[in-house]
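**Q** Structure provided below as structure tokens; questions to follow.
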């Protein structure tokens, strides 16, 4: 009896393979915009714990990102949900986001290095 329950459980789990692709929303955010949006959202989320120019912390910049792209959180959620149902596309989107974030990080590191050189000139 235990073997029957065990094999039934395995068959049930194997049949629950989620290959569901959701219906495309009417107001789907295009992939290229989604890449830029996600990049900015990651930057905004990471800035939450950093001090801004007014020495303030814990400021949620997410709404500023939504305003920049003229969308609301509901549109983002429905588009994000749709793309998560297409894992191959979502993976490509995140590879582009990662590349953009890596590039921005290198740019900032170069700016910091240049500032260090200007502040502390080597004689």
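The values are calculated or read from the model by the stated rules, or taken from the named source; none is laboratory data. Just so we're clear, the structure is a prediction, and the values are computed from it rather than from any experiment. With ideal geometry, Cβ positions are generated from the backbone for all residues, glycine too; neighbour counts draw on all protein chains shown.
**Q** Residues 13, 87: which one is surrounded by fewer than 14 Cβ atoms within 10 Å (Cβ to Cβ) and at pLDDT below 80?
**A** After applying the criteria, what remains is 13.
**Q** Quick one: which residue in 8, 63, 73 is at pLDDT below 95 and out of contact with any helix residue (DSSP H, G or I) (no Cβ under 9 Å at 6 or more places or on another chain)? Talk me through it step by step, then tell me what you get.
**A** Working: 63 fails: out of contact with any helix residue (DSSP H, G or I) (no Cβ under 9 Å at 6 or more places or on another chain); 73 fails: out of contact with any helix residue (DSSP H, G or I) (no Cβ under 9 Å at 6 or more places or on another chain).
Just one listed residue meets the conditions, 8.
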